[in-house]
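A.B. asks: The structure under discussion is supplied below as structure tokens; questions concerning it will follow.
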Amino acid sequence: MLPLQNEILWFVLLFTSFSGITIAYRLFGRTGLYAWTAMAIILANIQVMKTIKFFGLVTAMGNIVYGTTFLITDILCENYGRKEARRAVEIGFFTLIMFTLLMQICLAFIPDESDTLSPALEQIFGIMPRITIASLTAYIVSQLHDVWAFDFWKRKTRGRHLWLRNNASTMVSQLIDNAVFTWIAFVGFGIFWEQVFPWEIIAEIFITSYIMKFVVAALDTPFVYLATKVRKDADGREIVKYA
């Protein structure tokens, strides 16, 4: 393993994700952003099952991909308004529910004797209901806050200081998301779910995850500005700026 391999790959994943959103927006307009939201919410809930060492601290994967959903809502709120940003949240919410439901039905099928991958699928997706409940709860609460906060700061600043509303809304929303998800996914509710990790590991995951999300929120600002330069929707119509 190369020195700082995880850290290098983290920044590669960050740049690739932000670039992918920009390309999707350029090619397909807001439809591309909705499609990215659906993909990201599923992918993040799979990646979160993998824990890694990041600068010597334990954290779960999925922070970058999930963090891009906040970039999506900020772009939509900036270029199209609060209603379109909420639509992206609703699409992500519906997508994750249906994905989990379909996977649980799939796991219920009796595998053939020749099937060698079914145990791996069950190990990965068997805990999806708990992860999904944690993710759905954190997602809907934090994303609705993000849309509200972005709109609030936009009105307060009269459409100026895009960097301020982007960071002020996202960084607080990420903190809310991190707290809700960590508690449900890893701490549990006693009689319903057992605690997954010792408190030291949970605290380490929480702190490291939020630091990573904070960095993601800070580094996505140039991409929000870049997205405002994309003046046309996928069908060629001019974007109506929201005020």
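A.B. asks: Among 123, 195, 143, whose mean-square fluctuation peaks in a Gaussian network model of the chain (Cα, cutoff 10 Å)?
C.D. replies: 123
A.B. asks: About the Cα centre, and with charges only on the beta carbon of Lys, Arg (+1) and Asp, Glu (-1), how big is the dipole of region 1-114? Nearest 20 debye, please.
C.D. replies: Values: 8 positive and 7 negative charges, 75 e Å.
Using Cβ point charges on Lys, Arg, Asp and Glu, region 1-114 gives about 360 debye.
A.B. asks: Follow-up question, since we're still on this one. Rounding to the nearest 10 and keeping the result within 0 to 90°, find how far the Cα-based axis of helix 162-182 lies from the longest principal axis of the chain.
C.D. replies: Result, in degrees: 20.
A.B. asks: Separate question: Here are some values of Cα extents along the principal axes in Å: [x] 57, 41, 39; [y] 53, 37, 30; [z] 95, 48, 27. Which one was computed from this structure?
C.D. replies: Here Cα extents along the principal axes in Å agrees with entry [x].
A.B. asks: A follow-up question, please. What residue among 175, 27, 14 has the largest mean-square fluctuation in a Gaussian network model of the chain, using Cα springs under 10 Å?
C.D. replies: Maximum fluctuation in the GNM of the chain, among the listed residues, is at 27.
A.B. asks: Now for a separate question. How large, in percent, is the carbon and sulfur part of the accessible surface of the chain at a probe radius of 1.4 Å?
C.D. replies: Numbers: 8920 of 12560 Å².
Ligands and nucleic acids excluded, carbon and sulfur reach 71 percent.
A.B. asks: Here's another thing I want to ask about it. Within the P(r) computed for region 1-132, what percentage of the Cα pairs occupies the region above 20 Å? If you can, show how the numbers build up before the last one.
C.D. replies: Values: 4736 of 8646 pairs.
So the portion of pairs separated by more than 20 Å is 55 percent.
A.B. asks: State in Å² the accessible area per residue of the chain; use a 1.4 Å probe, count heavy atoms of protein chains only, and round to the nearest integer. Could the numbers behind the result be given before it?
C.D. replies: Numbers: 12560 Å² over 243 residues.
The answer is 52 Å² per residue.
A.B. asks: Per residue of region 71-86, what does 6.51 cos²θ - 1.76 cosθ + 1.60 with θ = phi - 60° give for ³J(HN,Hα)? Whole Hz please, x for Gly and Pro, Karplus curve as stated.
C.D. replies: The phi angles translate into 4, 4, 5, 5, 5, 5, 5, 5, 8, 10, x, 4, 4, 5, 5, 5 Hz.
A.B. asks: Between residue 161 and residue 179, 0.36 nm times their residue separation minus their Cα-Cα distance comes to what?
C.D. replies: Values: separation 18, 0.36 × 18 = 6.48 nm, distance 2.80 nm.
Full extension from residue 161 to residue 179 adds 3.7 nm.
A.B. asks: Hey, in the GNM for the chain with a 10 angstrom Cα cutoff, which one of 112, 220, 146 fluctuates hardest?
C.D. replies: 112
The values are calculated or read from the model by the stated rules, or taken from the named source; none is laboratory data. Remember, it's a predicted structure, so these values are computed and weren't measured experimentally. Note that each Cβ is placed from the backbone with ideal geometry, even for glycine, and that neighbours are counted across all protein chains shown. Surface accessibility is based on the protein's heavy atoms, side chains included, excluding ligands, DNA and RNA. Shrake-Rupley method; radii C 1.70, N 1.55, O 1.52, S 1.80 Å.
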